[in-house]
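The values are calculated or read from the model by the stated rules, or taken from the named source; none is laboratory data. What you see is a predicted model; the values in this text were computed from it and never measured. Note that each Cβ is placed from the backbone with ideal geometry, even for glycine, and that neighbours are counted across all protein chains shown.
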Amino acid sequence: MAANNKEKDGGADEPRIIWSENRDRFETEDKKAYLEYHLQIHGNSQIMNILHTFVPTSKRGLGLASHLCVAAFNHAQSHSLSVIPSCSYVSDTFLPRNPTWNSLVYKEDLKSSI
Ligand code: COA
């Protein structure tokens, strides 16, 4: 059985992003650009903690990281996951530029853990 699932089949000018379930990543076909996450459970919430985003130097500034994030957030939405944006690219650049995705961001109830 194939290990990879196509999470998003982009148009002619969009990079194809693949969900690599076994590696907890969304990545380009050549695997050189990726978004790495960790799935965790807080109470009744299933959470995608986005740990790291990486794009090779030669491909930076073209929106590739943004495409990786869109694939990850679409996946989170369709699987009813909340998102923790631990990666600074997601928290400081992607979400401010794409605020509609803030609705998926996990809001921790600190009191419940005391
Ligand atoms: N934190 C937040 N924002 C960052 C950033 C970081 N560490 N590094 C770059 N950015 C911003 C840039 O300021 C740039 O803004 P601009 O459009 O005004 O120039 C923007 O990201 C570019 O967006 P995009 O083209 O979608 O990103 P990218 O494909 O160039 O990839 C990174 C961005 C961060 C993934 C890439 O620079 C990288 O791999 N850096 C090394 C690893 C890293 O620092 N990862 C993030 C922390 S986990």
Revision key, fill the gap. (1) within 8 Å of the ligand (Cβ to nearest atom); (2) at pLDDT below 95 all hold for Ser45 apart from (1)
Practice item. Any chance you could count how many residues in segment 48-92 are touching a residue at least 24 places away in the same chain (Cβ under 8 Å) and either touching a Pro at 6+ places or on another chain (Cβ under 8 Å) or within 15 Å of the ligand (Cβ to nearest atom) (or both)? Key: 25
Review point. Which number in (1) at pLDDT 95 or above; (2) more than 8 Å from the ligand (Cβ to nearest atom); (3) exposed (fewer than 11 other Cβ atoms within 10 Å of the Cβ) marks the one condition that Ala2 misses?
Key: (1)
